[in-house]
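These notes concern the structure reproduced below.
The values are calculated or read from the model by the stated rules, or taken from the named source; none is laboratory data. This one's a predicted model, so the numbers in the text were calculated from it and none came from an experiment. Because the Cβ atoms are built from the backbone with ideal geometry, glycine has one as well, and the counts that use them run over all protein chains shown. What goes into the accessible areas is simple: the full protein's heavy atoms, side chains included, and nothing from ligands, DNA or RNA. Shrake-Rupley method; radii C 1.70, N 1.55, O 1.52, S 1.80 Å.
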Amino acid sequence: MSSNPPKLSLDQLKAAGRKAVLARGERAQFKALLRNGERDIFDAIADPRDSIARLKVVEVLEAIPGVGVTKVKAIMERADISLTRRIGGIGSKQTLALRNEKILNRVNSKAEKQGTLIVMSGPGGVGKSTITSELRSNSHIWISISATTREPRPGETNGVDYYFLNDAEFDEMINRGDFLEWAQFAGARYGTPKKPVKDALEIGKHVLLEIEIAGARQIRKVAPEAMLVFIAPPSWEELVSRLTARGTDSPERRAARLALAQEEMAAASEFDEIIVNTEVHEVAAVLLSLASSRQL
Ligand code: 5GP
């Protein structure tokens, strides 16, 4: 019993270390955006990330072009903000006071910014749907609902998990040009409806498409500004064990799954970013941070 705790605390330390590194990276990235005028202090106040909430108000103000030490002091005095205050601790009265500072209201308002189109792909069994579920409650991201001709699985709801269509309905959508992309996968067709994606991006939301690789390649062509993210397993062995864990598969089905996964892994280098799925919260945080830093 006494031999376990040291190992556990080491793991926890490692996790905390990773988190701290991630947070530092997010803060540095945000300050860089402040410096080149792509973000302002109001973006910092609205940012849901802990890492940004922990930034000192002084640090944020000093990163803004044209705001030197003297101006920072004067602004903070006028807004009645103490020098040690962090962004997350700013009250609404103080935000309002900051709004009255002309020099701070220089960049576009949030609604005028387009969201980032995120394409997430990766081999079967890597945990893409868990990552999607993790992001579902985040108000900055809208998760696209695909259309498919495959049968619903137990527990799946039409209009929530997918739009379940028959072949004729799917054909009709293709003919009307309603899809941003569509592809054949495992004997069924899958497609991303175009209009809702466009609408969500226009109101400043990031949009997540969880799609297979042929679809990702099409998005690269029709929307070159999209961010293509490949989710990789910690190791090939780990993926094999996840894929073979489903004991219900026949040996043939299992072999087919592994062959497909191998093919999918080979496409990783075509993507803009590769994220190793070590921990779902971490992957979700990295995705969100990458998307925000690319927001147009
Ligand atoms: P499943 O049938 O297991 O839900 O999904 C099978 C595969 O289809 C997954 O790799 C999933 O990412 C992909 N997929 C789901 N929706 C779409 C889509 O709209 N377009 C494309 N190209 N692939 C999709």
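Odds and ends about this structure:
- Listed by first and then second residue, the pairs linking a residue in segment 231-251 that is over 20 Å from residue 121 (Cα atoms) to a residue that is surrounded by fewer than 14 Cβ atoms within 10 Å (Cβ to Cβ), with Cβ atoms under 6 Å apart and 6 or more places separating them unless they lie on different chains, form an empty list.
- Residue count, segment 184-194 (criterion: near the ligand (Cβ under 7 Å from one of its atoms) and more than 19 Å from residue 256 (Cα to Cα)): 3
- Within segment 234-252, tally of residues that are in a helix (DSSP H, G or I) and more than 32 Å from the chain's Cα centre (by Cα): 2
- Any pair with Cβ under 6 angstrom, 6 or more apart, that starts in segment 132-145 at a residue that is farther than 19 Å from residue 122 by Cβ and open to solvent by 40 Å² or more (accessible area, probe 1.4 Å) and ends at one that is small (Gly, Ala, Ser) and outside any loop (DSSP other than H, G, I, E, B): 142/200
- Some residue of segment 13-24 being closer than 30 Å to residue 198 by Cβ, among the hydrophobic types (A, V, I, L, M, F, W, C) and modelled with pLDDT under 90: no
- Checking every residue in segment 119-136 against the condition of being part of a helix (DSSP H, G or I), more than 30 Å from residue 262 (Cα to Cα) and within 26 Å of the chain's Cα centre (by Cα) gives zero matches.
- Output for segment 136-162, where each listed residue is touching a helix residue (DSSP H, G or I) at 6+ places or on another chain (Cβ under 8 Å) and more than 9 Å from the ligand (Cβ to nearest atom): 138, 140, 141, 142, 143, 149
- Residue match in segment 211-223 (condition: under 19 Å from the mean Cα position of the chain (by Cα) and either among the aromatic types (Phe, Trp, Tyr) or in a strand (DSSP E or B) (or both)): no
- Residue satisfying all of: in segment 195-217; within 9 Å of the ligand (Cβ to nearest atom) and buried (at least 19 other Cβ atoms within 10 Å of the Cβ); nearest to residue 171 (Cα to Cα) among these: 215
- Count of residues meeting criterion [under 12 Å from the mean Cα position of the chain (by Cα), open to solvent by less than 50 Å² (accessible area, probe 1.4 Å) and free of Cβ contacts under 8 Å to residues at least 60 places away in the same chain] in segment 253-296: 1
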